[in-house]
1. Whether any residue in the stretch 364-386 is over 28 Å from the mean Cα position of the chain (by Cα) and buried (at least 23 other Cβ atoms within 10 Å of the Cβ) is what I want to check.
2. Among the residues of the stretch 189-217 satisfying the criterion of being in contact with a helix residue (DSSP H, G or I) (Cβ under 9 Å, 6 or more places away or on another chain) and not in a helix (DSSP H, G or I), which is surrounded by the most Cβ atoms within 10 Å (Cβ to Cβ)?
3. Take T384 and tell me if it is hydroxyl-bearing (S, T, Y), under 16 Å from N428 (Cα atoms) and in a loop (DSSP other than H, G, I, E, B).
4. Quickly run through the stretch 218-247 and pick out the residues that are surrounded by 13 or more Cβ atoms within 10 Å (Cβ to Cβ), closer than 17 Å to E354 by Cα and small (G, A, S).
5. Residues to consider are S169, S173; find the one that is surrounded by fewer than 20 Cβ atoms within 10 Å (Cβ to Cβ), within 21 Å of C196 (Cα to Cα) and among the small types (G, A, S).
6. Yes or no: E495 in contact with a strand residue (DSSP E or B) (Cβ under 8 Å, 6 or more places away or on another chain), of a type in the set (D, E, K, R) and either surrounded by fewer than 18 Cβ atoms within 10 Å (Cβ to Cβ) or farther than 28 Å from G142 by Cβ (or both)?
7. What's the total number of residues in the stretch 393-439 that are in contact with a Leu (Cβ under 8 Å, 6 or more places away or on another chain), more than 22 Å from S365 (Cβ to Cβ) and of a type outside the set (A, V, I, L, M, F, W, C)?
8. Return the residues of the stretch 448-497 that are aromatic (F, W, Y) and either closer than 26 Å to Y79 by Cα or part of a loop (DSSP other than H, G, I, E, B) (or both); say none if nothing qualifies.
Amino acid sequence: MKKFITAITGMLMFWSCSNFDEINTNPNTPTQVSPSLLCTNIILSVAKYQGRDAKEYISDNALPKYVGYANEGQLGTQYNLITNSSFDRMTILPDIDKMLEFSKGDPAENSYKGVAHFIRAYTFYLLTMKMGDIPYSEANLGNQGNYKPKYDLQKEVFIGILEELEQASMDFSQGSSFQGDPTIFQGNPTKWKRACNAFELKVLMSLSAKVNDADLKIKQRFAAIVAENVLLESASDYFGLDYNTVNTHPLYSTNDMFTARTLLSTIVVDNLKILNDKRLFYFGEPSAAQLTAGHTAQDADSYVGVKTSLDYGLMNSNYTKGLYSKINLRYQTKQNSEPRRMLTYAEQEFILAEARIKGWISTSSAKEYYENGTKAALTNMMNTDASYAHGNPITINDITTYFTGAAAFATDQDSQLKQIWMQRYLLNFLVDSETAYFEYRRNKYPDFEIDPATNLNVNSPTNLPIRYLYPSSELNYNSVNLTEALNRQYEGYDEINKTMWLLAN
């Protein structure tokens with residue numbers, strides 16, 4: 001007993017003379033998160049596809065009519081059914097605050113500030129483009145007790161987005177190389193600055209219907225960015241993410257119930273044929289029926305698209321007969337069929353071409369910008385796995401001789417704009433469905449061939465819906481502010497055909 005008491009007394013003396021936290025701290029586990037670790041996740045919140053699975057990826061691309069779907073039942077988005085969006089993207093905002101806190105005094109502090117403003121701008125841009133007015137100035141104030149943020153006017157949100165991008169550009173100008181960047185920029189602040197400026201051009205073009213708004217200063221902002229001339233420089237420049245063995249393409253390794261039953265649309269197939277564009281052979285597989293009829297995989301006539309508004313039963317019946325082209329097998333069989341390019345040199349050049357036609361800038365020519373963008377798009381496709389091009393790989397000669405026939409830059413401005421919009425549409429095939437949807441909504445081009453008989457947009461059967469509904473959870477947790485936003489925008493009714501400020505004349 002005496003020995004037991006002595007042992008206990010010794011242990012108490014040891015504890016009293018020691019720091020309990022130090023004893024119980026695992027030296028192999030970090031106690032403070034570094035800004036670089038947070039930065040990686042913050043960038044991935046935008047650069048990485050955030051959908052659940054391959055079917056959602058296909059569904060996203062069915063809305064802008066890139067594909068049709070012949071599987072377990074009709075896909076709602078193919079027939080223009082969209083419902084509630086989500087504010088889940090905002091959950092990255094607390095991590096952004098932590099990154100800024102932990103980066104204070106870091107040599108790369110300014111670069112981390114630039115990342116913070118860029119990702120905030122990108123996040124709020126996607127949300128407001130989908131829904132209209134959204135929480136912005138009071139978003140992420142839960143730690144201050146504000147769990148019910150007000151909805152800012154969409155115009156105010158866009159002004160905030162533009163200011164954040166301009167601040168990000170300045171931050172990167174003063175920044176140094178930083179850790180935690182999963183993109184091809186690898187923490188290079190100059191490349192990030194170029195992406196910021198390219199994205200601001202994209203945001204400004206999204207606002208083209210508001211070009212005369214004195215507060216937005218669209219033409220002045222646009223011209224200033226172009227004059228600074230710190231933009232993406234070549235086809236190899238893009239903000240996005242390379243797919244690899246860890247982060248595989250969303251359609252990789254999916255079975256025949258998904259990828260192999262996804263069909264190219266007539267919009268994609270027919271326009272590629274009109275342009276004599278070899279991307280056709282990289283996007284799709286030849287129709288089985290056309291091969292049986294004697295055509296070869298190298299023959300453009302072997303590729304047949306589906307009219308996405310076609311009755312589902314008839315489409316599915318025709319699919320079983322092998323009448324349509326499926327999407328290219330590379331999406332199913334390659335982990336890295338192509339990168340996820342969210343901001344590209346090609347798109348930047350198309351935006352500059354449109355701005356030149358509209359008179360926003362006077363540099364270069366619309367023709368040169370149009371050709372630069374198209375060449376970059378073709379170059380990127382040429383650099384994918386040519387073994388999936390069905391014996392028709394894109395060559396340098398194809399790119400230099402591309403601009404003949406329908407691809408030659410038109411002489412009238414209306415036709416020029418349609419050429420630019422079509423190339424931008426094709427550029428985003430199975431990569432950026434959100435931009436494709438936003439651009440159709442802005443320009444009503446290309447023709448989506450909407451059929452009132454099959455359109456699930458019952459309140460406007462000749463049209464595509466022009467917005468997503470607000471998150472249903474807002475009715476329970478922020479109903480007062482949601483109701484106020486609905487009253488001032490949409491006559492108190494959350495409906496997919498209501499016109500947001502961005503699109504109003």
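Only the coordinates and a few stated rules stand behind these numbers; no lab work does. Since we're looking at a predicted model, the values are computed, not measured. When we count neighbours, we look across all protein chains shown, and the Cβ atoms used for this are built from the backbone with ideal geometry, even at glycine.
1. Scanning the stretch 364-386 turns up no residue that is over 28 Å from the mean Cα position of the chain (by Cα) and buried (at least 23 other Cβ atoms within 10 Å of the Cβ).
2. L207
3. Values: hydroxyl-bearing (S, T, Y): yes; under 16 Å from N428 (Cα atoms): yes; in a loop (DSSP other than H, G, I, E, B): yes.
Against the criterion (hydroxyl-bearing (S, T, Y), under 16 Å from N428 (Cα atoms) and in a loop (DSSP other than H, G, I, E, B)), T384 qualifies.
4. Hits for the stretch 218-247 are A223, A224.
5. Among S169, S173, only S173 is surrounded by fewer than 20 Cβ atoms within 10 Å (Cβ to Cβ), within 21 Å of C196 (Cα to Cα) and among the small types (G, A, S).
6. Details: in contact with a strand residue (DSSP E or B) (Cβ under 8 Å, 6 or more places away or on another chain): yes; of a type in the set (D, E, K, R): yes; either surrounded by fewer than 18 Cβ atoms within 10 Å (Cβ to Cβ) or farther than 28 Å from G142 by Cβ (or both): yes.
Against the criterion (in contact with a strand residue (DSSP E or B) (Cβ under 8 Å, 6 or more places away or on another chain), of a type in the set (D, E, K, R) and either surrounded by fewer than 18 Cβ atoms within 10 Å (Cβ to Cβ) or farther than 28 Å from G142 by Cβ (or both)), E495 qualifies.
7. 4
8. First, the residues of the stretch 448-497 that are aromatic (F, W, Y): 448, 468, 470, 477, 490, 493.
Within the stretch 448-497, F448, Y468, Y470, Y490, Y493 meet the criteria.
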